[in-house]
Amino acid sequence: MATLVHTLVDHSDDVNYCAFSSSCLATCSLDKTIRVYSLNNFTELPYSPLKGHTYAVHCCCFSPSGRVLASCSTDGTTMLWDAGDGQVLAVLAQPSGSPVRVCRFSPDSTYLMSGAADGSLILWNMQSLKLYRSGNVKDGSLVACAFSPNGNFFVTGSSCGDLTIWDDKMRCLCNEKAHDLGVTCCDISSQPISDGEHGFTYFQMASCGQDNQIKLWLILFADFLGVELKYKCTLNGHSAPVLACAFSYDGQMLVSGSVDKCVIIYETTTGNTLHTLSQHTRYVTTCAFAPYSPLLATGSMDKTVNIWHFDLKQPCAANTVENESKVAVEDWSEDDVSAWLCAQDLADFVGLFKRNNIDGKELLNLTKESLANELKIESLGRRSKVLQKIEELRMKMTSVTVPDEFLCPITRELMKDPVIAADGYSYEKDAIENWISNKRRSSPMTNLPLPSLVLTPNRTLKMAIGRWLETQQK
C-alpha cells in the first residue's frame with residue numbers, strides 16, 4: 001500500500017529531478033533553483049533554495065556520504081554544494097559549454113560524471129576538482145547515467161536510443177540500441193544477482209524511453225570475459241513516453257514516471273504491477289526511492305513533488321534480519337545501523353545517526369545521557385523508544401548463541417538433517433535440495449560450479465548438534 005503523505009509546492013516551474021540522501025530530499029527545477037528538505041518532517045532547510053545557476057537545473061544528486069550535493073544546468077556548469085550549510089564548493093564548467101543534462105557520483109565518491117546535450121561526458125576528480133577523463137557518445141545528447149554498485153563501470157543513455165557501457169578509464173566497452181525513439185533515463189540496482197548455474201554475478205539495469213517502454217537488462221562485467229549486456233524483459237503499463245525510472249534500495253521494486261501522468265511501481269522479480277499512482281496533473285518527470293526509509297518521491301511538470309510512504313516493511317528490513325544472524329552487532333557498519341533503524345520503525349533517526357557516524361559499536365554504547373546530550377534527542381518518549389530497542393539488541397547478544405557450524409549456510413537455522421555437498425560444506429538437506437531443484441548448479445558458499453550433485457549425510461555433525469541440544473536442556 002502506497003500512501004501520499006506530503007506534497008511539496010515550492011517550485012515555480014517544472015520539477016526536473018529529485019534525489020534522496022539518508023536524511024534529506026533535494027529537488028531541482030526549470031525555475032533555476034535547487035530546494036532541500038529534511039526527511040524528519042519535510043520542512044525546507046534554512047539555506048534552501050540554492051541559487052547559483054543562471055538557467056534551468058536539469059539534475060541533482062547527493063554524494064554517497066550525503067555531505068555534497070551536485071546540480072547541473074543549461075548554463076553549462078555542474079555545481080557542488082555543501083549539503084550541511086548550502087555553501088558553494090565548486091563550479092565545474094563543461095569544456096564545450098554545452099547544457100549539462102545529467103550528473104552522477106561514483107559509489108566511492110572518487111569521481112563525478114557530467115553529461116551534456118552535445119554528447120560529451122566528463123569524469124571529474126572529486127579530490128582535485130579537475131577534469132580526469134572525457135569522452136563522447138556516438139550520437140545524440142547524453143541524457144542518462146548510472147554507476148554500477150562497485151564503481152567498475154557506468155552506463156550512459158542518449159537521445160538517439162543507445163545505451164553505452166564505459167569503464168572507469170572512460171573506455172567504451174559496449175554499445176546497444178535500446179529504445180528506438182531515444183533513452184530518457186536508466187538506473188542500476190544496488191543489489192547484484194547471482195547466476196547459480198555459471199557462478200557469475202550480474203548487475204540489473206532498467207532503461208526507459210520515448211517508445212513508452214521500460215526494459216530490464218542484465219550486465220555481466222568480468223575481467224576475463226569483458227562486458228555482456230543481456231536483454232531480460234520489457235515492463236508494460238504506460239501509454240506514453242516514460243521519462244524516469246529508479247530501483248528501490250533492495251532492488252525488489254522499480255518505479256517509473258511517464259508523460260501519461262502516471263507513476264507505476266513494479267515488482268522486479270515477476271514484472272507485476274504493484275501500484276499505479278495518478279495524482280500528478282501533468283507529465284511525471286522524475287521519481288526516486290529513499291535509501292533507508294520507506295519513502296518514494298515523484299516530481300512533475302505540475303510544479304509539485306509528491307512524497308509517498310509504503311506501509312509494507314522497509315526493503316532493507318530483510319537485510320537487517322540477515323545481518324543480525326551473520327554479522328555481530330558490534331561489527332555493524334553505519335549502513336547496517338541505518339537498516340536496523342528502519343526495521344525498528346525508527347527511520348526518522350537515520351540521518352541523525354549517519355551524521356554522528358554511529359556504527360554497531362557506537363550503537364551498543366549509547367546511553368540515556370548520550371542520546372540527550374550528544375545526539376540532542378529532546379523528546380523523552382523518543383529517547384526511551386531508542387533505548388528500548390538497543391536493550392533488546394543487547395539481550396539478544398547475551399542469550400545463548402548457536403555455534404555457527406551448526407547453522408545451515410542457506411537458511412541460517414539449526415540443522416536437523418545435515419548433508420555434505422560436493423563443495424565440502426554442510427547444509428540442511430531440504431535447503432540444499434531446494435537450491436539444486438531450482439536449477440542452480442553452483443555452490444551457495446563459493447558460487448563455483450558443483451562438480452557433483454551427490455549429497456552425503458553428515459552423521460558426525462548431526463551427532464554433535466544432538467549433544468549440544470542436550471546440554472541446552474539441562
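Only one of the listed residues (SER109, SER38) is under 22 Å from LYS130 (Cα atoms) and at pLDDT below 95. That residue is SER109. Which residues, counting only those in region 407-430, are modelled with pLDDT under 85 and of a type in the set (Gly, Ala, Ser)? Within region 407-430, just GLY424 meets the criteria. Any residue at all in region 59-79 that is more than 20 Å from the chain's Cα centre (by Cα) and of a type in the set (Phe, Trp, Tyr)? Taking every residue of region 59-79 in turn, none turns out to be more than 20 Å from the chain's Cα centre (by Cα) and of a type in the set (Phe, Trp, Tyr). Among residues belonging to region 415-432 that are open to solvent by less than 80 Å² (accessible area, probe 1.4 Å) and of a type in the set (Asp, Glu), point out the one that is farthest from PRO403 (Cα to Cα). Result: ASP423. Of everything in region 362-386 that is of a type in the set (A, V, I, L, M, F, W, C) and in contact (Cβ under 8 Å) with a residue 24 or more places away in the chain, the residue that is nearest to ASN41 (Cα to Cα) is ILE377. If you check SER189, SER256, SER207, SER239 for being small (Gly, Ala, Ser), out of contact with any Leu (no Cβ under 7 Å at 6 or more places or on another chain) and closer than 18 Å to ARG104 by Cβ, only one passes: SER189.
Listed by position, the strands (runs of 3 or more DSSP E) enclosed by region 216-294 that each have at least 2 residues that are open to solvent by 30 Å² or more (accessible area, probe 1.4 Å) are 226-235, 273-277. Of all residues being assigned to a helix (DSSP H, G or I) and surrounded by fewer than 12 Cβ atoms within 10 Å (Cβ to Cβ) in region 371-383, which is modelled with the highest pLDDT? Just the residue, please. Ranking the qualifying residues of region 371-383, first place goes to ASN373.
Scanning region 1-34 for residues that are open to solvent by 40 Å² or more (accessible area, probe 1.4 Å) and free of Cβ contacts under 8 Å to residues at least 40 places away in the same chain yields a count of 2. For region 166-178, state whether one or more residues are small (Gly, Ala, Ser), in contact (Cβ under 8 Å) with a residue 40 or more places away in the chain and crowded, with 16+ Cβ neighbours inside 10 Å. There is no residue in region 166-178 that is small (Gly, Ala, Ser), in contact (Cβ under 8 Å) with a residue 40 or more places away in the chain and crowded, with 16+ Cβ neighbours inside 10 Å.
The set of residues in region 341-361 being under 14 Å from ILE390 (Cα atoms) and in contact (Cβ under 8 Å) with a residue 24 or more places away in the chain consists of LEU341, CYS342, ALA343, GLN344, LEU346, PHE349, ILE358, ASP359, GLY360, LYS361.
Residues considered: LEU363, LEU393. Of these, the only one that is surrounded by 15 or more Cβ atoms within 10 Å (Cβ to Cβ), under 29 Å from the mean Cα position of the chain (by Cα) and at pLDDT below 85 is LEU393.
The number of residues in region 81-91 being aliphatic (A, V, I, L, M) and buried (at least 21 other Cβ atoms within 10 Å of the Cβ) comes to 1. Within region 328-343, the residues that satisfy the criterion of being more than 16 Å from ARG394 (Cβ to Cβ) and modelled with pLDDT under 75 are CYS342, ALA343.
Whenever a residue of region 446-466 is without any contact (Cβ under 8 Å) to a residue 40 or more places away in the chain and crowded, with 16+ Cβ neighbours inside 10 Å, its partners that are part of a loop (DSSP other than H, G, I, E, B) and not aromatic (Phe, Trp, Tyr), lying with C-beta atoms within less than 7 angstrom and at least six residues away or across chains, give the pairs LEU450/ALA421; LEU450/ALA422; LEU450/ASP423; LEU450/ARG441; LEU450/SER443; LEU455/ALA421. Quick check: is even one residue across region 102-112 in contact with a Leu (Cβ under 6 Å, 6 or more places away or on another chain) and in a strand (DSSP E or B)? Within region 102-112 (the criterion being in contact with a Leu (Cβ under 6 Å, 6 or more places away or on another chain) and in a strand (DSSP E or B)), the answer is yes, since at least one residue qualifies. Reported count of residues in region 352-370, each being part of a helix (DSSP H, G or I), within 24 Å of LEU295 (Cβ to Cβ) and touching a helix residue (DSSP H, G or I) at 6+ places or on another chain (Cβ under 9 Å), is 3. Would you check if there is a residue in region 132-143 being within 16 Å of ARG101 (Cβ to Cβ), without any contact (Cβ under 8 Å) to a residue 40 or more places away in the chain and open to solvent by less than 40 Å² (accessible area, probe 1.4 Å)? Yes, because at least one residue in region 132-143 is within 16 Å of ARG101 (Cβ to Cβ), without any contact (Cβ under 8 Å) to a residue 40 or more places away in the chain and open to solvent by less than 40 Å² (accessible area, probe 1.4 Å).
The values are calculated or read from the model by the stated rules, or taken from the named source; none is laboratory data. Since the structure is predicted, the reported quantities are computational estimates derived from the model, not experimental observations. So basically every Cβ, Gly included, is an ideal-geometry build from the backbone, and we count neighbours across all protein chains shown. Accessible surface is based on the protein model in full, side chains and every heavy atom, while ligands, DNA and RNA are left aside. Shrake-Rupley method; radii C 1.70, N 1.55, O 1.52, S 1.80 Å.
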